[in-house]
1. Could you tell me which of the residues A:53, A:49 is within 17 Å of residue A:16 (Cβ to Cβ), within 11 Å of the chain's Cα centre (by Cα) and in contact (Cβ under 8 Å) with a residue 40 or more places away in the chain?
2. Could you list, in sequence order, the residues of the range A:8-23 that are touching a strand residue (DSSP E or B) at 6+ places or on another chain (Cβ under 7 Å) and surrounded by 24 or more Cβ atoms within 10 Å (Cβ to Cβ)?
3. Within the range A:45-87, work out how many residues are among the basic types (Lys, Arg), assigned to a helix (DSSP H, G or I) and over 11 Å from residue A:33 (Cα atoms).
4. Can residue A:104 be described as buried (at least 23 other Cβ atoms within 10 Å of the Cβ), in contact with a Lys or Arg (Cβ under 9 Å, 6 or more places away or on another chain) and within 12 Å of chain B (Cβ to nearest Cβ)?
5. So which residues in the range B:88-101 are at negative phi, part of a loop (DSSP other than H, G, I, E, B), touching a Pro at 6+ places or on another chain (Cβ under 8 Å) and surrounded by fewer than 24 Cβ atoms within 10 Å (Cβ to Cβ), if there are any at all?
6. For the range B:107-144, what are the residues that are surrounded by 13 or more Cβ atoms within 10 Å (Cβ to Cβ), away from chain A (no Cβ under 14 Å) and not in a helix (DSSP H, G or I)?
Protein chains: 2
Amino acid sequence: MDIALKEAKAAESRGEVPIGAVVVDANSGDIIAQAGNQTEADLDPTAHAEILAIRQAAQKLGSARLPECDLYVTLEPCTMCATAISFARIRRLYFGAYDSKGGGVDHGARFFTQPTCHHTPEVYGGIRERDCADLLKAFFAKKR
Amino acid sequence: MDIALKEAKAAESRGEVPIGAVVVDANSGDIIAQAGNQTEADLDPTAHAEILAIRQAAQKLGSARLPECDLYVTLEPCTMCATAISFARIRRLYFGAYDSKGGGVDHGARFFTQPTCHHTPEVYGGIRERDCADLLKAFFAKKR
């Protein structure tokens, strides 16, 4: 989660919402991919940190499915990212801050509980929650 | 929807699940982007036709938001794509076949009805439903 936080801070320095994600080999613990949010720079509404990290990892491992991978992300994934995590067959999801306004794991659609969800990772929320949330709060306070 | 169907057939000829999507200028009716499903070729679990078409359109128009655009897609979008459609601020969504197993608009998460959904397009389902569904049924029948 330290590296996800670094990616979040790097995103912030580029003028992006500070969210970072890391895909890790579930067996070795090696980092396979890491990314920060890039929706502004890429002019891409889908360029969330999780989507970018999953895409990179799939390229690197040569497979659209990543059952031997865990994902760390600083914020509760939105519904788009939760669905992508399910499609990618990610083993475990670790996230930092909870997102009552836009989250899709513990809020709103709660995608992993839906009958249309065909793979559910193990989910651990609230990891380094304070650090992850403070980064976002400070960012949005500056924006106002 | 004719062009979305052509994209779906082109996807099938590449060994992909036959789903196609087209982004259209809501005022002029001009096509801005069109894509077929490409998850196999790209080794990318997020490379659904809708995501690819939205990304292309955002690049072309130089904006991550597409409020003057409508999206045509041959199958009810999944929850990932429905969320991406909302993020992209698409004006109207026209889709062909309904998807009770994986859809996220009229099934499962019904994302546009969630409190975490902050933009809801106008939705018209069942456009050229038979043609769109037949293409998918034939594809999966061959696979078995």
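Bear in mind that the values in this text are calculations on the coordinates, not laboratory data. This structure is a prediction, so every number in the text was calculated from the model and none was measured. Cβ: placed from backbone, ideal geometry, glycine included. Neighbour counts: every protein chain shown.
1. On the way: A:53 fails: in contact (Cβ under 8 Å) with a residue 40 or more places away in the chain.
Result: A:49 is the single residue among A:53, A:49 that is within 17 Å of residue A:16 (Cβ to Cβ), within 11 Å of the chain's Cα centre (by Cα) and in contact (Cβ under 8 Å) with a residue 40 or more places away in the chain.
2. As a first pass, look at the range A:8-23 and keep what is touching a strand residue (DSSP E or B) at 6+ places or on another chain (Cβ under 7 Å): A:8, A:10-11, A:16, A:19-23.
Residues satisfying the conditions are A:8, A:11, A:19, A:20, A:21, A:22, A:23.
3. Of the residues in the range A:45-87, the ones among the basic types (Lys, Arg) are A:55, A:60, A:65.
Pick out the ones that are also assigned to a helix (DSSP H, G or I) and you get A:55, A:60.
Now restrict to residues that are over 11 Å from residue A:33 (Cα atoms): none.
So the answer is 0.
4. On the way: buried (at least 23 other Cβ atoms within 10 Å of the Cβ): yes; in contact with a Lys or Arg (Cβ under 9 Å, 6 or more places away or on another chain): yes; within 12 Å of chain B (Cβ to nearest Cβ): yes.
Judged against the criteria, residue A:104 is a match.
5. Looking only at the range B:88-101, we keep the residues that are at negative phi, and these are B:88, B:90-101.
So of that shortlist, the ones also part of a loop (DSSP other than H, G, I, E, B) come out as B:88, B:90-91, B:98-101.
This time we only want the ones that are touching a Pro at 6+ places or on another chain (Cβ under 8 Å), so: B:88, B:90-91.
If the condition is that a residue be at negative phi, part of a loop (DSSP other than H, G, I, E, B), touching a Pro at 6+ places or on another chain (Cβ under 8 Å) and surrounded by fewer than 24 Cβ atoms within 10 Å (Cβ to Cβ), then B:91 is the only one that fits.
6. B:123, B:125, B:126, B:127, B:128
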